[in-house]
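The values are calculated or read from the model by the stated rules, or taken from the named source; none is laboratory data. Bear in mind that the values here come from a model prediction, so they are computed numbers and not experimental data. Here the Cβ is made from the backbone with ideal geometry for all residues, glycine too, and neighbour counts use every protein chain on show.
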Amino acid sequence: MQFRWSFKRRSTWALVAAPVLALASLSVAAAAPATARVTAGAPHAVAPKKVSEVDCNGWSPKYKPVAFAHRETCVDPRGPKKLNGKWAAPASSYNDRGRFLDNRHYVGHDEPSVKFISSAAGSGNTMTYYMKMPKDPAKPPTNNGKVVKYAELSVAPWFGLPICDPGSYPQNPCTPDSDTNTGSGLPTDAGSAFMELQFYPPGFAPFLDSASCNATKWCTAINIDSLESEFNFVNLNPNCEEPVNFAYLTTNGKPGGPPGPQTADASTFQPGRRTLFMNSGDVIKVAISDPPTGFTTVVSDLTTGQTGRMTASAGNGFMNTNYKTCAGTPHTFHAEYSTAAQQNQVPWAALEGGVLMQQEIGHSEVCASLANKDPINDPGLIVDKSTSDTCVGGNEGRSHRRPAKGEGGCNPRTGVCKGATTEGTTGPIACPSNNFASGQLCEYADGICLPQGTRTVIVGGKAIRETSPVNLCGDNRFQNGDLDFDGMSYQPHTWPNGSSNVPTSFRYAGPFDQSGHTYPKIQFETDAPGSAFLCNVFNGNLCVTPPVGAKFYPFWTLTNKKGQNVGPGLFPTGACVWNFGNVISGVTTRNFGRAAQYGTPDVARFGGTVTSAVKANPEISGGCPALTQPKS
């Protein structure tokens, strides 16, 4: 059990680590046999390229990822459950049971969300949001975290929705746009995927190994993540556990590169001249719908007049995946449910799914300097010789009057890392393993770390100049996330609070259903405790927000103050709109108990996710006037 270890701050562990390849082979042997060969009975099937996106997390023993840095924007599965007194899926450690491991690597995320609930027909597949993009401070960001860009707080704010995918967990048919589907954790649940319409903040490019698609502009992409197993993670294919379809929204509606998991390449993730770019401070309309041609997202920049769109159709190159072979078949995706009922969920995901508004956090540490060079060298994709593994000073603080050295480096061949840490009761403590393939919930390295200043990066064989405004580490090289909770996302002074040293908040209004009405109920939720070492996902003990080891956890607020609306003329004076971050001086009207708003562990489903009670939507209740969708 993981609770036996000392909580002495950063105590030393001297453990012998098994080689990574041996651990990977154990995982493969424990699962059902899988092959990537295409059978004769599937004439339209497409075998995965050796470099592809059939495993978004990047730990497949057979296929190399195009953009391994983007495991931070994958979906967090919840892992297997004990049924009838027995474990139905192979397991070799405490953490296999209840949490998800991808080939012996822990997969987790931190995603504070608001779920919108409605029984209106179409509310589960057609909706519209309005938002005002945040603005970064006029002053440049600093390596001590006192001046902050939005990309340092959240790498991907997104809107989410369950999607039909009969090729996804638990491998059952799915009727599009229908509440005959279930996602309640039953063997008969419909095959489900998780759609995230993600927005990427500017400042830290290129996208293949960082968080931004542009130095100064925002962009947005549709992500559809599936899970390749049968019910309760039985026969999970180790070669293609979590395939992802990815496409930027473009002004002509055509993908800039192949979006399918089997066909993705560098052009998929590199923005082009047709990519929709948005400015900080722009007012944005997001329309999500599900016409017969396929699930469609449209983002209109009401400030510039530019519009981007993407339809997740076979004609646009989208594919679903055969869980036995990893092969892809051209597929037109559709929304799963008719209504946004509380129980209409994605059965395998840690977040309970539904109509979600979210912020992806836990992927940023700023540093006085960087150590342990770890160049990215994928010729034909990306060569970045300036990246490192370890943050020194900054968020790591000071030790013996000198800048403290963070986690890493790691030896990719043996899996052995230096200085790995995890969540302790008062701050980071030593990890019980020094091997990044141990399955432990630990921060093995701070990387990928980008050096402050301008550097040359080779993308697709072409040399480009990129600039990082600070020394920044993404906590996404040898694990996914800031698992000792000491980075920028967990500091009280970094989030929007009215200071000129931090960004302004996202402002959100909606969603509005196809009749223009708001959703009458909401539920707060986050899966952060699932990534917390001290959280017991079976009984909910220490599954809390903020996580025990964090100083702070950001939260959702409302304002009805004059001048704080989403956009001029869209909503009447006094309308209530959402913000995210901290209490904003002179702006915040309601804070819902701050971090306590997220509620308590949903132990019956997955104790690593905490949820509030279902409550009246405060955007239209408690003194807030009713809202209707603007005619824009």
Of the residues in the stretch 246-258, those that are touching an Asp or Glu at 6+ places or on another chain (Cβ under 9 Å) and either part of a loop (DSSP other than H, G, I, E, B) or without any contact (Cβ under 8 Å) to a residue 60 or more places away in the chain (or both) number 2
Being more than 15 Å from L483 (Cα to Cα) and either in contact (Cβ under 8 Å) with a residue 24 or more places away in the chain or aromatic (F, W, Y) (or both) is the filter here, so list the residues in the stretch 399-416 that pass it.
P403, K405, G409, C410, P412, R413, T414, G415, V416
Give all pairs with beta carbons closer than 6 Å in which a residue from the stretch 151-169 that is under 17 Å from E242 (Cβ atoms) and among the polar types (S, T, N, Q) meets a residue that is modelled with pLDDT of 95 or more and part of a strand (DSSP E or B); count only pairs at least 6 apart in sequence or on separate chains.
S168/S192; S168/A193
I'd like to verify a number: residues in the stretch 604-632 that are among the small types (G, A, S) and either touching a helix residue (DSSP H, G or I) at 6+ places or on another chain (Cβ under 9 Å) or at pLDDT 95 or above (or both), how many?
7
I want to confirm something. Restricting to the stretch 98-126 and keeping residues that are of a type in the set (D, E, K, R) and at pLDDT 95 or above, which single residue is farthest from G415 (Cα to Cα)?
K115
Being under 17 Å from G415 (Cβ atoms) and in a loop (DSSP other than H, G, I, E, B) is the filter; apply it to the stretch 44-68 and report the residue that is nearest to the chain's Cα centre (by Cα).
N57
Options N541, N497, N536: the member that is in a loop (DSSP other than H, G, I, E, B), farther than 30 Å from S280 by Cβ, touching a strand residue (DSSP E or B) at 6+ places or on another chain (Cβ under 9 Å) and at pLDDT 95 or above
N541
Has the stretch 456-463 got at least one residue that is free of Cβ contacts under 8 Å to residues at least 12 places away in the same chain, among the basic types (K, R) and either surrounded by fewer than 24 Cβ atoms within 10 Å (Cβ to Cβ) or part of a strand (DSSP E or B) (or both)?
yes
Within the stretch 180-219, residues being out of contact with any Cys (no Cβ under 9 Å at 6 or more places or on another chain), among the hydroxyl-bearing types (S, T, Y) and buried (at least 24 other Cβ atoms within 10 Å of the Cβ) number 1
Inside the stretch 279-294, can you point out the residues that are touching a Pro at 6+ places or on another chain (Cβ under 9 Å) and buried (at least 20 other Cβ atoms within 10 Å of the Cβ)?
V283, K285, V286, I288, D290
Inspect all residues belonging to the stretch 566-579 and state whether any of them is crowded, with 18+ Cβ neighbours inside 10 Å, in contact with a strand residue (DSSP E or B) (Cβ under 6 Å, 6 or more places away or on another chain), at pLDDT below 95 and not hydrophobic (A, V, I, L, M, F, W, C).
yes
Say we look at the stretch 527-578 and pick out the residues that are of a type in the set (F, W, Y) and under 21 Å from the mean Cα position of the chain (by Cα); which of these is farthest from G108 (Cα to Cα)?
W578
Take N344 and tell me if it is closer than 30 Å to F524 by Cβ and touching a Phe, Trp or Tyr at 6+ places or on another chain (Cβ under 7 Å).
yes
Can you name the strands (runs of 3 or more DSSP E) wholly within the stretch 274-354 that have at least 1 residues being among the acidic types (D, E) and at negative phi?
296-301
Pairs please, first residue from the stretch 511-538 and under 18 Å from F159 (Cα atoms) and β-branched (V, I, T), second anywhere and assigned to a loop (DSSP other than H, G, I, E, B) and modelled with pLDDT under 95, Cβ atoms under 7 Å, 6+ apart in sequence or on different chains.
T518/L627
Is at least one residue of the stretch 139-149 closer than 30 Å to F580 by Cα, among the polar types (S, T, N, Q), at pLDDT 95 or above and crowded, with 24+ Cβ neighbours inside 10 Å?
no
Can you tell me which residues in the stretch 303-338 are surrounded by 20 or more Cβ atoms within 10 Å (Cβ to Cβ), over 24 Å from the mean Cα position of the chain (by Cα) and farther than 17 Å from V244 by Cβ?
T325, S338
List the number of the failed condition for L558; all other conditions in (1) closer than 23 Å to V346 by Cβ; (2) assigned to a strand (DSSP E or B) hold.
(1)
